[in-house]
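**Q** Take a look at the following structure, please.
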Amino acid sequence: MKTHYGIYGGQYVAETLMAPLKELEAAYAEARRDRGFAEEFEGILRDYVGRESPITEAKRLSAHLGGARILLKREDLNHTGAHKVNNTVGQALLARRMGKRRLIAETGAGMHGVATATVAALFGMPCEIYMGAIDVERQAPNVQRMQMLGATVHAVSEGSATLKDAMNEALRDWVSNCDDTFYVIGTVAGPAPYPEIVRDFQSVIGREARRQCLERYGRLPDEAIACVGGGSNAIGLFAGFIDDPEVRLVGVEAGGRGLATGEHAASINVGRIGVLHGAKTMLLQTDDGNILDTYSVSAGLDYPGVGPEHCHLHDIGRAEYTVITDDEAVAAFDALCRFEGIIPALESSHALAEAMKRAPSLGGDGLILVNLSGRGDKDMENIMRYKASGPHGGNAGI
Ligand SMILES: *Cc1c(COP(=O)(O)O)cnc(C)c1O
């Protein structure tokens, strides 16, 4: 198994967590060699999640921009409305194989909590979700969804009462209950082997997209673009093209109100090396190493760290990482609604905004593949509040 990505990754955890991590490593190594495991995973993705997800060419938007053709990988069409379910299905299968009967998870905006509660119901497993107390208030509809699906939601009041504190609390639960409990991590972060496990389960995105591009367009895209919170939808997309050096890989971080304001979540762009949630990674932190509060209009990108593999891809120059502000993301959101009849998640709107910047200069023969990681139904209230809160400038010219 892979434990390090360059200098990043590893297992910076308490002694008590080493045994469950080793057990997970061994179980996953074995599952990966088992064709039956892969077949069951693929079967659930097909019959329950609704894969494969299509590629939609954004024709009117591309024509409006006057340049490259923009292709959307439609993870928003998955059951539960985002890419996260690919990973929770895989980890729930792994839990069952290991004889663990209880699932726990952390969640920020609530999307990973919903995806975990969903598979817990599907597999008939009890499920407990840790969520920052502030997020419980901000994301009430997702709390209701989790409860509807039979999960128990614990509001965490420690620290800043947001995602990083929820993750600490989930790790604490796991230490005390690892005999019968599986910790379902929602992104390519955390101690090894989680970043590799989550990457493998999400790599279905890139595998499908690569084949779909070749079938439909007879060639690979010039650029593959995805938003980066913890980095799981981006790594899933990149995995399909990592060995194709002609495909430029672009990760998009949340620029919030602008890097100069300090109100953002751009861990790779402005963070420094540190340790968070069991892995060495790029972090938003003070000079003394305290984790900084992050901000983005999209709750799903609001994480102070980032998956270790992204830090490495950045260092070796295989992928580049850019920043899109709230204003730019909301303008892209509006554009996709009006030009294509698709309401995207605010997270995904960051990737789309980057594609819209690049399309005009790439020329009419260019192909830009954007991972549309989720749908925007969950963001309605947020968008309305954002638009009501005064002039932010820019509306994609429509
Ligand atoms: C959670 C989420 C993200 C961010 O998570 P990654 O691990 O970076 O992919 C992006 N888009 C949507 C729709 C999400 O729900």
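Bear in mind that the values in this text are calculations on the coordinates, not laboratory data. Since we're looking at a predicted model, the values are computed, not measured. Neighbour counts are summed over all protein chains in view; Cβ atoms, including those assigned to glycine, are modelled from backbone coordinates with ideal geometry.
**Q** What would the Debye equation give as log₁₀ I(q)/I(0) for the chain at q = 0.14 Å⁻¹, counting only Cα atoms as equal point scatterers?
**A** Values, matching the q order: -1.24.
**Q** How big is region 186-319 by Rg and Dmax over its Cα atoms, in Å?
**A** For region 186-319, the Cα radius of gyration and maximum Cα-Cα distance read 15.2, 52 Å.
**Q** Rg/Rh for region 115-263 to two decimals, with Rh computed the Kirkwood way over all alpha-carbon pairs.
**A** On the way: Rg = 18.3 Å, Rh = 17.7 Å.
My calculation of the ratio gives 1.04.
**Q** Still on this model: Compute the relative contact order of region 270-360 as a whole-number percentage, counting only Cα pairs closer than 8 Å that sit 6 or more residues apart in sequence.
**A** Values: 98 pairs, mean separation 17.4, N = 91.
With pairs under 8 Å counted, the relative contact order is 19 percent.
**Q** Can you give me the angle between helix 346-362 and the longest principal axis of the chain, using Cα atoms only, in degrees from 0 to 90, rounded to the nearest 10?
**A** 40 degrees
**Q** For region 193-201, just list the computed ³J(HN,Hα) in residue order, Karplus coefficients 6.51, -1.76 and 1.60, θ = phi - 60°, integers in Hz, with x standing in for Gly and Pro.
**A** Result, ordered by residue: x, 4, x, 6, 4, 5, 4, 4, 5 Hz.
**Q** Using Stokes-Einstein with the Kirkwood hydrodynamic radius over Cα pairs, what translational diffusion coefficient do you get for region 34-143 at 37 °C and a viscosity of 0.692 mPa s, in µm²/s rounded to a whole number? Spell out each step's value before the answer.
**A** On the way: Rh = 15.8 Å.
Roughly 208 µm²/s, to the nearest whole number.
**Q** If you don't mind, another one. Over all Cα pairs of region 124-192, how is the pair count split among 10 Å bins, expressed in % and running from 0 up to the last occupied bin?
**A** Bin by bin from 0 Å, the calculated values are 20, 51, 28, 1.
**Q** Okay, moving on. Could you grab the Rg to Rh ratio for region 228-384? Cα atoms only, Kirkwood for Rh. Could the numbers behind the result be given before it?
**A** Numbers: Rg = 15.4 Å, Rh = 16.0 Å.
With Rg and the Kirkwood Rh in hand, the quotient comes to 0.97.
**Q** Between 0 and 90 degrees, rounded to the nearest ten: what's the tilt of helix 326-340 against the longest Cα principal axis of the chain?
**A** 70 degrees
**Q** So, one more: So for region 191-255, averaging the separation of alpha carbon pairs under 8 Å that are six or more residues apart and normalising by length, what relative contact order in percent results?
**A** On the way: 85 pairs, mean separation 25.4, N = 65.
Result for region 191-255 is 39 percent.
**Q** Let me ask you something else. Could you work out how far helix 111-123 tilts from the main Cα principal axis of the chain, as a 0 to 90 degree angle to the nearest 10?
**A** Compared with the principal axis, the helix lies near 50 degrees.
**Q** Percent relative contact order of the chain, based on C-alpha pairs within less than 8 angstrom and at least six residues apart? List each step's numbers first, then the result.
**A** Working: 866 pairs, mean separation 80.9, N = 398.
After rounding, I find 20 percent.
**Q** Under 5 Å between amide hydrogens, which residues at least 5 positions from GLU223 or on another chain qualify, with H placed 1.01 Å from N in the peptide plane?
**A** ARG248, LEU367, LEU369
**Q** Next question. Expressed in nm to one decimal, what extension gain is obtained for the pair ASN168 and ARG211 from 0.36 nm per residue of sequence separation less their Cα-Cα distance? Write out the running numbers ahead of the final one.
**A** Details: separation 43, 0.36 × 43 = 15.48 nm, distance 3.89 nm.
Between ASN168 and ARG211, full extension yields 11.6 nm more.
**Q** Oh, and also: Please list, ordered by chain and number, the residues whose modelled amide H lies under 5 Å from the amide H of ALA266; skip anything fewer than 5 residues away on the same chain.
**A** none
**Q** If you don't mind, there's one more thing I want to ask. Could you pull out the pairs from LYS2/LYS164; LYS2/LYS280; LYS22/LYS100; LYS84/LYS357 whose alpha carbons sit more than 18 Å apart here? Could the numbers behind the result be given before it?
**A** On the way: LYS2/LYS164 24 Å; LYS2/LYS280 14 Å; LYS22/LYS100 15 Å; LYS84/LYS357 27 Å.
Over 18 Å apart, Cα to Cα: LYS2/LYS164; LYS84/LYS357.
**Q** On to the next question. Through the Karplus equation 6.51 cos²θ - 1.76 cosθ + 1.60, θ set to phi - 60°, convert the phi angles of region 15-24 into ³J(HN,Hα) values in whole Hz; use x for Gly and Pro.
**A** Each residue of region 15-24 in turn: 3, 5, 8, 5, 5, x, 5, 5, 4, 5 Hz.
**Q** Using the count of nearby Cβ atoms within 10 Å as a rough guide to exposure, how do ARG51, ARG216 rank from fewest to most? Show your work: numbers first, answer last.
**A** Working: ARG51 20, ARG216 12.
Fewest-to-most Cβ neighbours within 10 Å comes out as ARG216, ARG51.
**Q** Residue by residue through region 74-82, which ³J(HN,Hα) values in whole Hz follow from phi under the Karplus form 6.51 cos²θ - 1.76 cosθ + 1.60 (θ = phi - 60°), with glycine and proline marked x?
**A** Once rounded to whole Hz, the list reads 8, 5, 5, 8, 5, 3, 6, x, 6.
**Q** Give me, ordered by chain and number, the residues 5 or more places off VAL153 or on other chains with an amide H under 5 Å from its own placed amide H.
**A** ILE129
**Q** Here's something else I'd like to know. Tell me, how many Å apart are the Cα centres for region 120-165 and for region 1-69?
**A** 23 Å
**Q** Still on this structure: With a 10 Å Cβ neighbour count serving as the proxy for reagent exposure, in which order, fewest first, do ILE242, ILE55, ILE273 appear?
**A** Values: ILE242 18, ILE55 21, ILE273 12.
Ordered by Cβ neighbours within 10 Å, fewest first: ILE273, ILE242, ILE55.
**Q** OK, next. Given the DSSP H assignment, sum -39500 (n - 2.57) over each helix run of at least 4 residues in the chain and divide by its residue total; what's the result at 222 nm in deg cm²/dmol, nearest 500? Please report the intermediate quantities before stating the final value.
**A** On the way: 16 runs with 177 residues, N = 398.
Roughly -13500 deg cm²/dmol at 222 nm, from the helical runs in the chain.
**Q** Right, next: How do SER232, SER267, SER389 rank when sorted from fewest to most other Cβ atoms within 10 Å of their own Cβ?
**A** Details: SER232 28, SER267 32, SER389 8.
Going from least to most buried by this count: SER389, SER232, SER267.
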